[in-house]
Structures are given as C-alpha cells and as structure tokens.
Amino acid sequence: MINLKKKLSLLRRSRRTEGKIEQYLDKVTISQLLFNKLWDNFFEHGPRGEVTLKTLEKLSDNESEADGLRRTIEALLFEKTLIPDLRSDVMTLLEYLEDILDLHEAIGFHIKIEQPRLTKDYKPLLDILLEKVTLSIDHMVLCVRSFFNDLERVHEYNQKTIFFESEADEACTNLKMKLFDSSMPLEEKVQIRYFIDKIDQLANRAEDTVDRIAIYTLKRAL
C-alpha cells in the first residue's frame, strides 16, 4: 500500500513559496468567476457594453497579476526548492494553470472582437455548460492544493474533476445540438460553435491538469 501520510506537505521548507502558490490558485478561481460574469454581462449588455468591457478589463488585470505571481514562484522554486524533480513538476503545473487563465482571456477578447449573435434563449443551456466547467475547475484547484498539502485527498478531487469534465462534454453537446437545429445562418452557427468548444476546452484543461497531478502524486509516494 502506498503510504501518503508521511508526505502530507511538499513545500513546508518554503512557506513563502507555498503562500504564493495559494495566491496563484486564488487567481485561477477568480478568473473563472469573472469569466462567468462576462457571459452574464454579454447577454444583459451586449458584447461591447460598458459593463461587459469592464468585466473583460478585470479578467485581463487578474491574468496579469497571476503572471507576475508565476514569475515570483518560479524564482522562489530555484532559490528555495532543493529537489530538482519537484521543482520541474511544480513549474509544469503552473504552465497548465496558466493555459486556463490565458484561455479565459482569449475567449473574452474574441467576444469583444467578433460580437457573436447569441440570443437569450441559449442562455439556460450555456449556463449549464458554464456550471459544469466551473465545477471542473473548482475541483482541479482543490486537487492542486491537496498535492501540496494533503496527498491523501488528491485522488478524490481528481475523480470529481474528471466527472464534471464529462458532464461539461454532455452540456456542450446539448448546446451545439440546439444551435445546429436552429434556423440561424450556417456561418453564424460555425462562429458560435467556436465559443462553445472553447468554453468546454476549459474543463478539458482542468482534466489534463489533474491527470498530471495524479502522476506526480505517485512519484512523491514511491
């Protein structure tokens, strides 16, 4: 049996590094909340409404702050972390998390640029997709936190992330079926499908991240 109890925390030697990683994970959570708010603003105020653009600005600012934190963490890892293998694993995890932040921002800017014609009758199904994506990311964040603080919980959060990623795939399919069953011009359907697929991709990135954490956890436990 793999003994995880003796390795409940990986970075106790560097409280500052651990604290910065916690802050970075908070930025991931905030980014998803702002992303959800952006879509609410989109339906209420339009893709270039003042409130929508303000939320996009906050999303971009949050990503910039996270980028600064990532650079600080990387510097601390080289300064404080004595195990090169662990340092490499943490830096790779940061890259996975950064992809999610970048995708939030990229989708937001494409909303502003392309101004998709998505009417309010699609909002209920889109809200379901966003809910499942958010649950995937929330449990991914818990999985990452557990990797650093409580390896015994990693498997639990890994499985929950995978479950909600599957739920997001189903919600994505339902939304696209409604879209392509409509009388909307084909070119508009294709444009909106891009946004739907990109939203679903967030859950896929969350699953990729917890899959990577599962591998790292096995390495730490052996």
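Taking region 103-134 on its own, how many of its residues are part of a loop (DSSP other than H, G, I, E, B) and without any contact (Cβ under 8 Å) to a residue 60 or more places away in the chain?
First, pick out the residues of region 103-134 that are part of a loop (DSSP other than H, G, I, E, B): 115-119.
So of that shortlist, the ones also without any contact (Cβ under 8 Å) to a residue 60 or more places away in the chain come out as 119.
Total meeting the criteria: 1.
Is one or more of the residues making up region 132-153 among the hydrophobic types (A, V, I, L, M, F, W, C), surrounded by fewer than 19 Cβ atoms within 10 Å (Cβ to Cβ) and under 16 Å from ASP200 (Cα atoms)?
Looking for residues that are among the hydrophobic types (A, V, I, L, M, F, W, C), surrounded by fewer than 19 Cβ atoms within 10 Å (Cβ to Cβ) and under 16 Å from ASP200 (Cα atoms), one finds none in region 132-153, hence no.
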Looking only at region 171-222, and only at residues there that are farther than 26 Å from ASP89 by Cα and of a type in the set (S, T, N, Q), the one that is surrounded by the most Cβ atoms within 10 Å (Cβ to Cβ): GLN191
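This table checks each residue for (1) at pLDDT 95 or above; (2) among the hydrophobic types (A, V, I, L, M, F, W, C); (3) surrounded by fewer than 16 Cβ atoms within 10 Å (Cβ to Cβ); (4) within 28 Å of ARG71 (Cβ to Cβ).
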| residue | (1), (2), (3), (4) |
| --- | --- |
| LYS7 | no, no, yes, yes |
| LEU10 | no, yes, no, yes |
| ARG13 | no, no, yes, yes |
| GLU18 | no, no, no, yes |
| GLN23 | yes, no, yes, yes |
| ASP26 | yes, no, yes, yes |
| LEU38 | yes, yes, no, yes |
| ASN41 | yes, no, no, no |
| GLU50 | yes, no, yes, no |
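Please work out which residue is nearest to SER31 (Cα to Cα), limiting yourself to region 116-149 and to residues that are in contact with a Ser or Thr (Cβ under 8 Å, 6 or more places away or on another chain) and not β-branched (Val, Ile, Thr). Spell out how you get there, then give the answer.
Keep residues of region 116-149 that are in contact with a Ser or Thr (Cβ under 8 Å, 6 or more places away or on another chain), which gives 136-141, 143-144, 147-149.
This time we only want the ones that are not β-branched (Val, Ile, Thr), so: 136, 138-140, 143, 147-149.
Values: SER136: 14, ASP138: 11, HIS139: 15, MET140: 14, CYS143: 17, PHE147: 21, PHE148: 21, ASN149: 23 Å.
Across region 116-149, the extreme among qualifying residues is ASP138.
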When you scan region 57-72, do you find a residue that is within 13 Å of the chain's Cα centre (by Cα) and surrounded by fewer than 13 Cβ atoms within 10 Å (Cβ to Cβ), even just one? no
Give me the pairs, please: first residue somewhere in region 179-193 and under 12 Å from TYR122 (Cα atoms), second residue anywhere and assigned to a loop (DSSP other than H, G, I, E, B), beta-carbon distance under 7 Å, and either six or more positions apart or on two chains. ILE192/PRO116; ILE192/LEU118
Only one of (1) within 30 Å of ARG15 (Cβ to Cβ); (2) surrounded by fewer than 18 Cβ atoms within 10 Å (Cβ to Cβ) does not apply to LYS160, and that is (2)
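Results for (1) touching a Leu at 6+ places or on another chain (Cβ under 7 Å); (2) among the hydrophobic types (A, V, I, L, M, F, W, C); (3) more than 20 Å from PHE35 (Cβ to Cβ), shown as yes or no for each residue.
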| site | (1), (2), (3) |
| --- | --- |
| ASP150 | yes, no, yes |
| CYS172 | yes, yes, no |
| LEU175 | yes, yes, no |
| LYS178 | yes, no, yes |
| GLN201 | yes, no, no |
| ASP208 | no, no, no |
| ASP211 | no, no, yes |
| ILE215 | no, yes, yes |
Identify, from the list GLU170, GLU152, GLU156, GLU165, the residue that is more than 18 Å from ILE107 (Cα to Cα), touching a residue at least 60 places away in the same chain (Cβ under 8 Å), assigned to a helix (DSSP H, G or I) and acidic (Asp, Glu). GLU152
Across region 51-93, what is the total count of residues that are of a type outside the set (Ser, Thr, Tyr), touching a residue at least 24 places away in the same chain (Cβ under 8 Å), over 21 Å from GLY108 (Cβ atoms) and part of a helix (DSSP H, G or I)? 9
Here is a list of conditions, (1) crowded, with 19+ Cβ neighbours inside 10 Å; (2) aliphatic (A, V, I, L, M); (3) at pLDDT 95 or above, and ILE30 meets all of them except one; can you say which number that is? (1)
Within region 61-78, is even one residue among the aromatic types (Phe, Trp, Tyr), in contact with a helix residue (DSSP H, G or I) (Cβ under 9 Å, 6 or more places away or on another chain) and modelled with pLDDT under 95? yes
Reported set for region 194-222 where residues are among the aliphatic types (A, V, I, L, M), touching a residue at least 40 places away in the same chain (Cβ under 8 Å) and closer than 24 Å to ASP150 by Cα is ALA203, ALA206, VAL210, ILE213, ALA214, LEU218, ALA221, LEU222
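The values are calculated or read from the model by the stated rules, or taken from the named source; none is laboratory data. A quick note: this is a predicted structure, and the numbers were derived from the prediction, not measured. Reconstructed Cβ throughout: ideal geometry from the backbone, glycine too, with neighbour counts over all protein chains shown.
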